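These notes concern the structure reproduced below.
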């Protein structure tokens with residue numbers, strides 16, 4: 001965008017786009033399509049980026065789509081904004097990612113906070129998580145594995161981002177009608193930010209998630225599954241060397257509780273040999289929010305989950 005500063009109040013947006021303020025608030029609340037910032041008086045402010053997204057959604061609704069269908073297209077990337085807007089939108093995401101990585105690797109926490117504050121004021125939470133924080137985590141992890149940065153860099157970045165994601169996580173409401181979920185890292189895994197981001201995705205959908213993090217023995221995991229009557233269990237594996245043990249946990253748990261819905265994600269799963277991918281295909285949740293939506297929907301519609 002030529003100008004992505006949040007500067008329009010909700011009345012201005014209503015006049016510009018012909019949408020009632022109540023409708024806009026409902027869209028934001030239900031679909032999390034954009035995240036307007038609040039000024040000192042608590043009033044919503046919108047950027048040109050927000051205007052472009054809202055204009056596109058309204059156009060789709062006027063052409064017969066439901067708002068849910070239009071948001072689905074938006075999240076899949078099926079957005080036909082003009083070429084300039086789309087290019088600037090992508091470039092802005094990349095710029096934020098580069099600036100965030102640079103600030104974390106130079107231990108500049110205040111700068112990193114400012115970058116994320118600005119990103120969250122322009123983009124949806126999902127966009128920031130999947131297209132800014134996620135890629136930064138992967139890049140920093142790769143740099144550490146290749147010995148191009150020291151462990152202190154990786155630990156600082158992970159702890160910083162864990163805190164920011166956790167701040168969002170703790171403020172989300174739970175839908176008591178949805179099944180309980182357990183999220184845990186695979187054996188020997190110490191990289192938990194990817195799992196935390198996936199957990200945040202689940203929490204934004206209303207799931208109650210028991211987040212266990214790292215270092216949980218399989219026998220303890222079985223106890224927790226029984227104690228909380230969880231219907232879903234998600235494991236994360238980032239380091240390829242830990243994948244064999246993680247897959248063994250899946251086999252153990254499916255024998256222990258055949259009705260448990262088990263999913264696995266993480267960078268290591270993208271390197272599975274073809275034979276293993278076929279063998280464990282039902283457990284692979286995928287890499288994008290669209291993949292996650294499809295995986296969840298298939299299991300929620302089985303009839304034996306809730």
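Rounded to the nearest 10 degrees, the inclination of helix 109-122 to the longest alpha-carbon principal axis of the chain is 60 degrees.
Averaging the sequence gap over all C-alpha pairs within less than 8 Å and six or more residues apart, then dividing by the number of residues, gives the chain a relative contact order of 13 percent. Compute log10 of I(q)/I(0) for the stretch 84-169 with the Debye formula, placing one identical point scatterer on every Cα and leaving out solvent, at q = 0.10, 0.17 Å⁻¹, to two decimals. Each listed q corresponds, in turn, to -0.23, -0.66.
Note on 218, 301, 163: ascending count of other Cβ atoms within 10 Å places them as 301, 163, 218, the fewest first.
Considering only alpha-carbon pairs that sit under 8 angstrom and 6 or more positions apart, the relative contact order computed for the stretch 181-300 is 26 percent. Put the Cα centre of the stretch 151-199 next to the Cα centre of the stretch 249-306 and the gap is 19 Å.
Starting from the Cα gyration tensor of the stretch 181-300, take the square roots of the eigenvalues, sort them a ≥ b ≥ c, and report rounded, prolate or oblate (rounded when a/c is under 1.5, otherwise prolate if a/b is larger than b/c, else oblate). Here the stretch 181-300 falls in the rounded category. With respect to the chain, whose longest principal axis is taken over its alpha-carbon atoms, helix 289-300 is tilted by about 60°. Treating only the Cα positions of the stretch 87-137 as identical point scatterers, give the base-10 log of I(q)/I(0) from the Debye formula at each q in 0.27, 0.29 Å⁻¹. The calculated log intensity ratios at q = 0.27, 0.29 Å⁻¹ are -1.05, -1.18. Dividing the summed helix terms, -39500 (n - 2.57) for each DSSP H run of n ≥ 4, by the number of residues in the chain produces a 222 nm estimate of -17500 deg cm²/dmol to the nearest 500. The angle between the Cα long axis of helix 134-145 and the longest principal axis of the Cα atoms of the chain comes to about 50 degrees, rounded to the nearest 10. Summarising the strand pairing of the chain, around 15 percent of its internal DSSP beta bridges are antiparallel.
Since every read-out is calculated from the coordinates, none of them should be taken as a lab result. All values derive from a computational prediction rather than experimental measurement. A quick note on method: Cβ atoms are made from the backbone with ideal geometry, for glycine too, and the neighbour counts reach across all protein chains shown.
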